[in-house]
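Beneath this line is the structure, given in structure tokens, with notes to follow.
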Amino acid sequence: MIKQFYILFLVVLLSACGENEPYEDAPMADDPLEETLEVDVALNLEIPDYFPDLTYDLSQNPPTQNGFVLGKKLFYDGRLASDGVVSCGFCHIQAFAFTHHTHITSHGVNGAIGKRNAQPLHNLAFMEEFTWDGAAGHLDAQPIIPITAEVEMNNSFNNIVTTLSQDPEYVEMFAAAFENGQIDPDNILKALSQFMLMMVSADSKYDRFLRNDGTTLTTDETAGLGLFEAKCSSCHSGVLQTDQTYRNNGLSIDPEFNDVGRFRVTGQPSDSLKFKVPSLRNIEATFPYMHDGRIPDLEAVLDHYSDGIVDSPTLDPLLRNADGSLGIPLTEAEKAQIIAFLKTLTDDNFIFDERFAEF
Ligand code: HEC
Ligand code: HEC
């Protein structure tokens, strides 16, 4: 009980931190999320009231401190991959809102190159489907893809269970986190989910503005917000900037990867070249952009929408104008204002949150 209060206290303390006081300033020596407890405690997701409803049924897998600590260890453990190196955290780097940067598309074991840009990990508890094409319908099922994909971790659950079962520390941690104490695929996936569910990013400048805590947006940011709502939010809707649909936003098909997006999942030709409308939270940190990372920076993203739209049968109707032209007309000044707004979505208290850090 005392621990629970302490966690609550810490959360309150941290959410009270100003922009210039990132997470490190909190009393980390006592960070209660670092160690396995003898008596496990439930963790609360701190969710602002203006956020959408949770999609994850927490009653099926309630996050606890011991589950979180185990999930974090698994997330950063290279032994989940066949080469002992490529952990989840290898491709999902916290400083970039859990994306990958040294390569445009992600790199897996033996330098194998995937065809997609690693997605950020944040606010996953509010998502209905996962990956760029929605191939995973549940957060617990998502990690099966990287763990078994040849170009990612190239491993099998049998192997992982054998490896982990030989490590006394894991034996203890699984026993502390789950009632049945078993090291099995189900518990591995549940622990990973508990770690990822806690990754709520809700403390950007935009959040503080929405919470009315006295934070004001600059003239450019305010103008950018207005432009974004008028020109972008039909797809990037709501406070997470996604309506969670799949759409073709006018990128040309990449001849190297020939990635047909949602079509791969549904088999419907009408879904060809459609990808999930991504949340734009922490977008400043998650470059390069788009499902294959082809666009290097935000300026170029805006140029794409104003001048770079490529026509195809599945191009989203919102990007066709009445006069037959394609795209979203924007002046250079408007582009700069939209970018100023997008940068208010950066949440340093999340990016530097030590609870999620590898070390
Ligand atoms: C080799 C690099 C790589 C590794 C290793 C990796 N991922 Fe990913 N991750 C990606 C890529 C690329 C995507 C986008 C996949 C797609 O669209 O097909 C992704 C997508 C995801 C998503 C979906 C996010 C969303 O918003 O839909 C989650 C969750 C995720 N990864 C978690 C994990 C976990 C947990 C592990 C470890 C078990 C892991 N990843 C290992 C590269 C990687
Ligand atoms: C017709 C729907 C639609 C509209 C309108 C739209 N977007 Fe997008 N946006 C998408 C889709 C779909 C993607 C992902 C495409 C892909 O990767 O293949 C995307 C991707 C992005 C990305 C890259 C995100 C990432 O994680 O890589 C940014 C940034 C972005 N949009 C900003 C904007 C801005 C700013 C506007 C308004 C000027 C806008 N979008 C208008 C659908 C839309």
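What the table below lists for this structure:
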read-out: Test: Tyr246 is touching a strand residue (DSSP E or B) at 6+ places or on another chain (Cβ under 9 Å), open to solvent by 20 Å² or more (accessible area, probe 1.4 Å) and hydroxyl-bearing (Ser, Thr, Tyr); value: yes
read-out: Glu229 vs. criteria closer than 30 Å to His304 by Cα, open to solvent by 20 Å² or more (accessible area, probe 1.4 Å) and in contact with a Ser or Thr (Cβ under 8 Å, 6 or more places away or on another chain); value: no
read-out: Residue selected from the range 317-326 under the condition closer than 23 Å to Asp271 by Cα and surrounded by fewer than 17 Cβ atoms within 10 Å (Cβ to Cβ), by the criterion farthest from ligand 2 (Cβ to nearest atom); value: Gly324
read-out: Scope the range 261-286; condition more than 12 Å from ligand 1 (Cβ to nearest atom) and over 13 Å from the mean Cα position of the chain (by Cα); matching residues; value: Phe263, Thr266, Gly267, Gln268, Pro269, Ser270, Asp271, Ser272, Leu273, Lys274, Glu284
read-out: Candidate set: the range 54-109, residues that are touching a Phe, Trp or Tyr at 6+ places or on another chain (Cβ under 9 Å), closer than 24 Å to Glu179 by Cα and of a type in the set (A, V, I, L, M, F, W, C); chosen: the one surrounded by the most Cβ atoms within 10 Å (Cβ to Cβ); value: Leu70
read-out: First in the range 127-148 and of a type in the set (Gly, Ala, Ser), second anywhere and in a loop (DSSP other than H, G, I, E, B), Cβ under 6 Å, 6 or more apart; value: Ala136/Gln142; Gly137/Glu129
read-out: Some residue of the range 201-213 being of a type in the set (Lys, Arg), closer than 29 Å to Glu358 by Cα and at pLDDT 95 or above; value: yes
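The values are calculated or read from the model by the stated rules, or taken from the named source; none is laboratory data. These numbers come from a predicted model, not from an experiment. Note that we place each Cβ from the backbone using ideal geometry, even for glycine, and neighbour counts take in every protein chain shown. These accessible areas exclude ligands, DNA and RNA; they are computed on the full protein's heavy atoms, side chains included. Shrake-Rupley method; radii C 1.70, N 1.55, O 1.52, S 1.80 Å.
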